[in-house]
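No lab work stands behind these numbers, since they all come straight from the coordinates. As the structure is a computational prediction, the values presented were derived from the model and not from experiment. Every residue, glycine among them, receives a Cβ derived from its backbone with ideal geometry; neighbour counts consider all protein chains shown.
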Amino acid sequence: MNSQEELLNRRLRSLTRTAPFVMAVAMLCISVEVAAQTFRSAPASAAEMKNPYAADAQAAAGGKKLYAQNCAQCHGNNLQGMGPAPSLIGPSTRNAKPGEIFWFITNGNLNNGMPGWSQLPKQQRWQIVSFIESKNTVAGQ
Amino acid sequence: MTNGFLLRTLTAFCMLGLAAASAAAGDRPYCVTYDQTMEEPGNLEIAARGLTATPQGGSQFLSGVTEFEYGAKAWWTTEFYLSGQTTANQSTLFTGYRWENRFRMLTHEHIINPVLYVEYEDVNGADKSLLEVVGFDSQFDALVPNSEASRDREREIETKLILSSNVNGWNISENFIAAKNLAGEPWEFGYAAAVSRPLSLMASPDECTFCRENFQAGVEFYGGLGEWGKVTMRGTSQYVAPVLSWQVRDTVFKVSPTFGLTDASYRAMLRFSVQYEIAGFGRKVAKLFH
């Protein structure tokens, strides 16, 4: 065995020894990343915001009207999603905190075509959150 | 121009608005000031704006602007204007076009949200649309007869820094304007500032025409700030204008009685507009070619 082959073998042995450790660290990083993921990259502070109109049927009814005016043209009349605009019914939205949905409505995702809706008063944005949540509650039952 | 003519024009604007089926969204009531709101991507908003005033010692005029605003991206809105005017005892004429682009500079919502505005305009000297006031713009500019003023061609680049904040239901917006006539004249400066609020911050559960959330009210201030090397408010036009908008179903009407504060300003003007959106216009056009 010449010196080059010996060097290669040594490196392979070293790699075999360290690979499990590297994989374990990678898995840990991925699981931490998954655990830290929030709805549409909303910051952790967003999740702490409480919906002042939670379970308020009147507010949700107003939210339905606002949704029809401002959101339905992209997300569909039944929140089913249209083209690049995703569905708002399903586990992703159902598992999101109200504050995260509020944050996303406020900021949008300008690089992916979702405008921010900060021009609507925050009360109206919360009403839209109430409406989306009420639809997801019904769909989840 | 007779009052009958003005009445007919106003009626036509209202009819146009009531006939519109569209999706309008949270538009501010401002007639001059821009806020951070961009057109939704793929939507086309068509607006007809009018302005009527009488310069001291001159004839009453009515200027009209047709506006096509398209949401190219969520952060980029592009807009094309065609303008014209009619002056009593003179003539009615097309005065030119403008093409503007607005770019939202930060992707997330902040306390102050900056938007960059760049416009190219090619209008003649008879243009009386007063979409902004810069430099030493004056009511006396409108005393030049249409036949003479229309021979003068103005090609300008106009830039604005739009700063806008939404706080507790209030919108506060400031525009800093710099305009340059490409014929080599100095930079001219101006400003516009405004504050507004919906009459109700919550949406009522039922469909309604006259509920308070459909109305927004506010006030605008705007005027010239002189030119390069001569930045001043002396000799400039300055205005204050209450503004009111009303959203009927999906169409927005705006009205703004405007009052001049300096000798160079028109003593009073009336601005009015109607606008509607064609939701998903880009998608519909794209379908035609597939």
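For this structure, a couple of remarks:
- Note: the protein assembly as shown, Cα convex hull, 228 Å³ per residue.
- When B:Met105, B:Met269 are arranged by Cβ crowding within 10 Å, least crowded first, meaning fewest neighbours, the order is B:Met105, B:Met269.
- Spin-label model distance (nm) - A:Ala57 vs B:Leu106, 7 Å beyond Cα toward Cβ: 4.2
- 10 Å beta-carbon shell around A:Cys74, net charge (K/R +1, D/E -1): 0
- Formal net charge of residues neighbouring B:Cys211 (Cβ-Cβ distance under 13 Å; K, R +1; D, E -1): 0
- 0 to 90° range, to nearest 10: angle between helix B:3-19 axis and chain B longest Cα axis: 20
- Across peptide A:120-129, the average count of Cβ atoms from other chains found within 10 Å of a residue's Cβ is 5.
- Per-residue shielding of B:197-207, expressed as the average number of other chain Cβ atoms within 10 Å of the residue Cβ, stands at 6.
- Per-residue shielding of A:103-116, expressed as the average number of other chain Cβ atoms within 10 Å of the residue Cβ, stands at 5.
- Partner lysines for B:Lys287 [C-alpha distance under 16 Å; skip if fewer than 8 residues away on the same chain]: none
- Model label sites at B:Leu182 and B:Leu82, defined 7 Å from Cα along the beta-carbon direction, differ in position by 2.1 nm.
- Within straight-line reach of A:Lys135, meaning a Cα separation under 15 Å, sit the following aspartates and glutamates at least 8 residues removed in sequence or on another chain: A:Asp56.
- Sequence-ordered 3J(HN,Hα) estimates for the range B:128-140 from the Karplus curve with 6.51, -1.76 and 1.60 and θ = phi - 60° stand at 10, 6, 6, 5, 7, 10, 9, x, 10, 3, 9, 4, 6 Hz, glycine and proline given as x.
- Each label was represented as a point 7 Å from its Cα along the Cα-to-Cβ direction; for B:Thr209 and B:His290 these points are 3.8 nm apart.
- This ranking places A:Leu88, B:Leu261 by how few other beta-carbon atoms lie within 10 Å of each, fewest first, which gives B:Leu261, A:Leu88.
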